Structure formats: C-alpha cells, structure tokens
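Novice: Below: one structure in structure tokens.
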Amino acid sequence: MELINQIFDIQSDEEFEKVALKVYAFQKENCTIYSEYIQALNKPEPTTISEIPFLPISFFKSHKVVCGDCKEQALFKSSGTGGKRSHHYVQDTSLYERSFNSIYDQQIGNPENQVILALLPNYLEQGESSLVYMVDHLIKRTKSALSGFYLSNLEELIQQYKSALTTGKQVVLFGVSYALLDLAELNPDLSKAIIIETGGMKGRRKELTKLELHSELEKGFNCDSISSEYGMTELLSQSYSNAAGLFDQPAWMKILTRDVNDPLSYVRNGKTGGISIIDLANVNSCSFIATQDLGKITGNQFEILGRFDNSDIRGCNLLVD
C-alpha cells in the first residue's frame, strides 16, 4: 500500500498535511463509523488538517472502528479502569511494530544496546494489552537474557538491574506508576537507569499529580529525572517525555489543542486545550481522535496537563495534574 510508505516517509509539515488529507479521504470511504460521524457533522470537505473532524475516543468503547472488513491480526483492550474497556482491532500488526520501533529508537535508543526491565503487573494480568505487546517486542530486540517482565518480585528486579549494570549496557525500566511507587519504597539506587512511567494508579493508590509522582520516584530511586510514555490502546504511536515533561512527536503524529467549549475550533500554541491526535499509523482504523486529555503545545513538543472532569480515568498514563 503506497499510502503506508508515504506515512512513514514524511519529512515536513507540508508533507504531513498532504498525507493526512489522503488518509482522511481513505478513512471517510472505508471506516463506516467515522464516515457516519462525518456525515452527521455536515461540515465542508476539509482542505487543512485543522478542518478534519476528530472522532471522540469513546467510540472505541461502543463501536468497532476499522476500515473495511479484513480480519484483525490482534485485538488490544484498554485497562478499563473505572469503566468499559476500549477495543482496538489491528488489521496489520507490522504497522504497529514499524511505528513503535522507530519511535523508541529515535527517542529512547536502540534496544540492542540496552537491557529492558518491565514492571507492568496489571497489564500482564488483564491481557490483550498493546503496551505489553510493544514492550515484549522491544525486550526481544535487546537479545539479552537479563531483559524481562516482573509482577510482584521486586527484589529480583533490583538484583537483575545490578547484574545488567555489569554488562555496560543502558538499563531501561518501564513501569506502571503504582508499581514504581511500590519499588521506590525499597529505595533502590536506580540512578543509572532510564525510568519510563506509564499507566497511572489503576485504583491501587491515591492519584498524584505528575510533579508529585516524579518527585517521589526521583527521591526513591536516587535519579535526576523520570520519563513518561504517552500512548493509548486506540493509537499505534507513542511519545516519550524529556526531563522537562515535554513530549516529542514522531513525524507521522501531530497534536492539536481544541477549545474545550467549542470542539470544532482550536486554541493557539501555548494555551491549554483538549488534545486531538492525528496518528497516521492508524491508517486501518481512525487516525483522527479527540481524546479526553488536556494539554498545550510548546514549539514542536507538547505537555499533558490533566483531563476533562467528566471523563473516566484512562488506562495508559497518569494524566491528572
């Protein structure tokens, strides 16, 4: 499919807009629920990305959001914290792998030079997690027997970290927020690790602001900064934050901030708004999704500030600030 190659070959904002409009036309024609949503809005045909209608993310809980009738290669479900689970029917898992491998390599590093430890107990227990699928593939790319998943065996994880340091490779620790806090209470020195938190508290602990969470983890692990992974079941792309809490966008993904009182208009950069995401890797589903997150755009990066008050807690990141 030539469109897929165009998506992953994007080099500029101009190319992004051109390809995004092609993806819009394809999904309008082939994604039934998105097509019906567009018709209900009765808006003129878009000529820029800001004019493209964004499907509310809640539709992934109530409808099968797919293009055509091809059988899916994978079904991913959200954690469902506080309500019904979202379903993402992925027709081509190679697109997901191409997306997350490229993003990880660019923003975190080459797994072949790393040992990856994953503390994601609730995702492992519930199953059908896109996050576990991604991390499992990254672990396999490390080709290290020291890499792996952990449930509640925290002391073993600490010992594995110490063993990994002797290899001279970079250690990366993925962890759901509440489990990382459990680990931090043991006060292990993880100062040489890249620590990536994701997933929130899952009802296991009191919700904290991002600043409070990172402060506790930095103190408990004796490290200078914590990274976050911003991704969700409904997407095939992710972003990772730097020490300042700002997220980079891959070339085929773009964040727009809509007016919270008028979802069909947008606020200027630097102002808080509702996060709408264009994820062109989602070509076989819907690439234009209005999330329930609040944030703002700073240059080519974005920041997550919170959530709409009336939305349920999403199972892919701690977003309450």
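What follows is calculated from the coordinates using simple rules that are stated; it is not laboratory data. Because the structure is a prediction, the values reported are computed rather than measured. Reconstructed Cβ throughout: ideal geometry from the backbone, glycine too, with neighbour counts over all protein chains shown.
Novice: State all residues of the range 135-155 that are over 23 Å from residue 214 (Cα atoms) and out of contact with any Pro (no Cβ under 8 Å at 6 or more places or on another chain); if no residue qualifies, say none.
Specialist: 136, 137, 140, 143, 144, 145, 146, 147, 148, listed by residue number.
Novice: Would you tally the residues in the range 7-29 being in contact with a Phe, Trp or Tyr (Cβ under 9 Å, 6 or more places away or on another chain) and in a helix (DSSP H, G or I)?
Specialist: 9
Novice: Can you name the residue in the range 182-197 that is in contact with a strand residue (DSSP E or B) (Cβ under 9 Å, 6 or more places away or on another chain) and in a loop (DSSP other than H, G, I, E, B) and, of all such residues, is surrounded by the fewest Cβ atoms within 10 Å (Cβ to Cβ)?
Specialist: So, considering only residues that are in contact with a strand residue (DSSP E or B) (Cβ under 9 Å, 6 or more places away or on another chain) and in a loop (DSSP other than H, G, I, E, B), the one surrounded by the fewest Cβ atoms within 10 Å (Cβ to Cβ) is 192.
Novice: Ok, one more. Filter the range 45-71 down to the residues that are assigned to a loop (DSSP other than H, G, I, E, B), under 28 Å from residue 267 (Cβ atoms) and β-branched (Val, Ile, Thr) and list them by number.
Specialist: Scanning the range 45-71 gives 47, 48, 52, 57, 65.
Novice: Look through 28, 43 and report the one residue that is under 23 Å from residue 257 (Cα atoms) and touching a helix residue (DSSP H, G or I) at 6+ places or on another chain (Cβ under 6 Å).
Specialist: 28
Novice: Filter the range 111-123 for residues that are surrounded by fewer than 18 Cβ atoms within 10 Å (Cβ to Cβ) and in contact with a helix residue (DSSP H, G or I) (Cβ under 8 Å, 6 or more places away or on another chain) and give the result.
Specialist: 112
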